[in-house]
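Below is one structure, written out as structure tokens, with a few remarks after it.
The values are calculated or read from the model by the stated rules, or taken from the named source; none is laboratory data. These numbers were taken from a predicted model, which means no experiment stands behind them. Please note: Cβ atoms are built from the backbone with ideal geometry, for glycine as well, and neighbour counts cover all protein chains shown. To get the accessible areas, we keep the full protein, side chains included, count just its heavy atoms, and leave off ligands, DNA and RNA. Shrake-Rupley method; radii C 1.70, N 1.55, O 1.52, S 1.80 Å.
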Amino acid sequence: MQLGKNNLYLSMRYDLNVPWPSQAAQPVKTAQKALVLLHELGYTAVALNFIVAGKLKGVSSPFTDDVMHELQRSVPGVRILKRLTLVLDEQTQNQSFASIVSQFDIVAVQPQTEKTLQSAATALDIDLISIDMTARTPFYLRHKLACAAVSRGVRFEICYGSSLDGEGRRYTVSNAIAIIRATRGRGIVLSSGAHQLANFRSPFDAINLLTVWGLKSSAARDAIGVTARQAAVNGLLRAKSAKQAVIATVEDAESGRPTKVLRVA
Amino acid sequence: MVRLKTRYLLFELLFPDSLDLAHPHESLRQTKSKIEYRKVADAFKQAVLEHSGEQGLGSVQSSLLVKYFSPATMTGVLRVSREYYRIVQASLSYITEIDNQRVIVKIAKVSGTIKKSQQAAIAKDKAYIDIIAADTASTIGYN
């Protein structure tokens, strides 16, 4: 039995996409339920996803300290991360990007056009590219572009949540296969993206779904473990380091405790 | 002669609609109406048919069998041939409803012998009893 590295990685289970229920009457209560359920299913870290479509101006983060405190209290054992997803359909939004981004742990982009996909993959300072799984993609995902993104440290996200509602399943499976093909199985993060409690699945079942869709089982296991963690650490480095190179303390993505890392390059 | 190779899937049914934040363990396993063996077995078979079609059901039909199901703990063991267990597991993941109640089917363990899955079920139940006991103790003031 291998010790150290493997054991640590086996114990990490990330769900990087739990949509923030901004439409719900009591968003905090609804999010709490999702967190408790995910904890019960065996996840150790969860990212709450705040989705912004359209203009960024005047948008503020719903994750205030009070809200985060309240959420953390219901699931003490789970690391809660703040994630922002920008739905990009034109290039003009990029100006006000930097100011809001600093309030989040993870930044993702959902490109709607070929052009925004191009800039997300090659230029923008982001952690995740999230492709809308509920509809046919308006662009063809090229292998060269996807690999450029992955080698730059940007990961692709596959959400399984939409595969559990009858009509969405076909597109979800087809998009998942497209992403697996384009990236050749590298740099894939699996998350739920589920809008209702019944659409969350346990880590083991989620890994199996990804395997059935054609990813190697080792890469599928990493998709909620190591690769997801890398995306989270990437985000932490953006928020808390100088030029992503020097950092005084970095919080462990799992426990939130600061670990003594003085230099990350 | 070659033995028929099988996998035993230890599954749990969770009911997210009855989730109560104060007692997540118990509430997730409580149902509004009774769910018994027949309903679970039928739902699983239907799910395989829906997800992988006639071909899929045909390939597992001879081996697919719910060996055990306990409505008290919402835990059971499903037998399936080794080649196709991943397809069956995926089909079970696609289930969202049994008997008009929203459900999450969670596979807790895949094993090659029924004895090992039985041991896993017992270990899991023991762990839950501990959690529930600790929970109750803190609610009624012993801690």
Next item on the list: Please go through the residue pairs A:LYS29/B:LYS32; B:LYS39/B:LYS115; A:LYS216/B:LYS39; A:LYS216/B:LYS124; A:LYS82/B:LYS109 and name each one whose alpha carbons sit more than 26 Å apart in this structure.
Entry: A:LYS216/B:LYS39; A:LYS216/B:LYS124; A:LYS82/B:LYS109
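Within segment B:40-143, list the chymotrypsin sites (Phe, Trp or Tyr not before Pro) lying in a DSSP loop whose Cβ has at most 12 other Cβ atoms in a 10 Å radius.
B:TYR142
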Item checked: Complex-versus-alone comparison for segment B:92-113, residues with a loss of 40 Å² or more in accessible area, probe 1.4 Å -> B:SER93, B:TYR94, B:THR96, B:ARG102, B:ILE104, B:LYS106
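Among DSSP beta bridges whose residues both lie in the protein assembly as shown, state the antiparallel percentage, nearest 5. All intermediate terms of the calculation are to be shown ahead of the outcome.
Working: 25 of 53 bridges.
Bridges in the protein assembly as shown are about 45 percent antiparallel.
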Notebook entry, point to check: Is the shape of segment A:5-259 rounded, prolate or oblate, going by the alpha carbon gyration tensor and its root eigenvalues a ≥ b ≥ c, with a/c under 1.5 for rounded and a/b larger than b/c for prolate?
Noted result: rounded
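Which whole-number value in Å² is the accessible area per residue of the protein assembly as shown, probe 1.4 Å? Display every interim value, and only then the final one.
Values: 19840 Å² over 408 residues.
Accessible area per residue, the protein assembly as shown: 49 Å².
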Check: Nearest 10 degrees, 0 to 90: what angle lies between the long axis of helix B:114-140 and the longest principal axis of chain B (Cα atoms)?
Finding: 20 degrees
Item checked: Relative contact order (%) - chain B, alpha-carbon pairs under 8 angstrom, separation at least six -> 36 percent
Next item on the list: Collect residues whose amide H, placed 1.01 Å from N in the peptide plane, falls under 5 Å from the amide H of A:ASP165; neighbours closer than 5 in sequence don't count.
Entry: none
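To the nearest 0.05, how large is the calculated FRET efficiency for A:ARG152 and A:ALA24 if R₀ is 56 Å and r is the Cβ-Cβ distance?
Details: r = 36 Å, r/R0 = 0.64.
With R0 = 56 Å, the Cβ-Cβ based efficiency is 0.95.
Considering only protein heavy atoms and a probe of 1.4 Å, how much of the accessible area of segment A:5-259 is carbon and sulfur, as a whole percent? Don't skip to the answer; put the middle values down first.
Details: 5670 of 10890 Å².
The C+S portion of the solvent-accessible surface of segment A:5-259 is 52 percent.
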Next item on the list: Subtract the Cα-Cα distance of A:GLN118 and A:TYR140 from 0.36 nm times their separation in residues, and report this length gain in nm to one decimal.
Entry: 6.8 nm
Next item on the list: State, in square angstrom and to the nearest 100, the accessible area buried between chains B and A, both chains counted, probe radius 1.4 Å.
Entry: 2300 Å²
